[in-house]
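Heads up, the thing below is written out as structure tokens.
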Amino acid sequence: MTPKQIELVQSTWKMVTPIADTAAELFYGKLFSADPALKALFKGDMKAQGRKLMAMIGTAVNGLTNLGAIVPAVQDLGRRHVKYGVKDKDYDTVAGALVWTLEQGLGEKFTPEVKEAWVAAYTLLAKTMKDAAATATA
Ligand code: HEM
């Protein structure tokens, strides 16, 4: 990612955090309509789940300027997702739901450049999780 892309992701994320609960609700609605089978993987309270997801995205977004510091936590997260029953292909479904949610939340501020920056950030995060998942022994 370029420094400009990191800046775009961080500045647009700040616009999403005030509406984090709504964004999480929109996100899961879109995710489950894209692939209803994924619903069964989530066992807990979806509001709490949404908060965890938004908090982790926030950590990752802030960590983009110092990736080395967050990589171990993201790898652990990827390994835990194997136990949740998440498959590699599910990361693409989540990517679609995330981009759609950002588009809803940011409106015209979700320019093609901003979209590209988010896709780069998510791809990096997802790759780190999937690579760690591939070596998980669980
Ligand atoms: C960048 C990608 C992702 C991030 C940042 C993320 C974040 C999180 C976080 C923070 C948790 C809370 C539990 C923990 O820390 O272990 C969690 C749980 C979970 N995530 Fe993800 N996740 C990502 C991708 C995915 C994908 C692709 C799926 C596939 C549908 C998924 C499904 C789940 C499930 C099923 C749980 C457990 C729910 C439960 O315990 O009931 N996640 N995720």
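Worth a mention:
- Helical mean residue ellipticity (222 nm; -39500 (n - 2.57) per DSSP H run of 4+; nearest 500) of the chain: -25500 deg cm²/dmol
- Neighbours of Ala133, meaning other residues whose beta-carbon lies under 13 angstrom from its beta-carbon, give a summed charge of +3 when Lys and Arg score +1 and Asp and Glu score -1.
- Placing +1 on each Lys and Arg Cβ and -1 on each Asp and Glu Cβ, with no other charges, gives the range 65-138 a dipole about its Cα centre of roughly 340 debye.
- Paramagnetic reach from Asp21 (point 7 Å along Cα→Cβ, amide N under 16 Å) across the range 43-73: 45-55
- Unsatisfied cross-links (Cα-Cα over 24 Å) in the set Lys52/Lys130; Lys14/Lys43; Lys4/Lys127; Lys4/Lys39; Lys14/Lys87: Lys14/Lys43; Lys4/Lys39; Lys14/Lys87
- In terms of its C-alpha gyration tensor, the range 10-71 has a prolate overall shape, because the principal axis ratio a/c (a ≥ b ≥ c, square roots of the eigenvalues) is not below 1.5 and a/b outweighs b/c.
- Net +/- balance of residues flanking Val119 in space, Cβ distance below 14 Å, scoring K and R +1, D and E -1: -2
- Simple Cβ-charge dipole of the range 31-114, Lys/Arg +1 and Asp/Glu -1, about Cα centre, in debye nearest 20: 480 debye
- Formal net charge of residues neighbouring Ala97 (Cβ-Cβ distance under 11 Å; K, R +1; D, E -1): -3
- Three-way shape call for the range 46-138 based on the alpha-carbon gyration tensor, with the a/c threshold at 1.5: prolate
Rule-based calculations on the coordinates, nothing more; no lab input. Since we're looking at a predicted model, the values are computed, not measured. Heads up, the Cβs are rebuilt from the backbone with ideal geometry, glycines too, and the neighbour counts pull from every protein chain shown.
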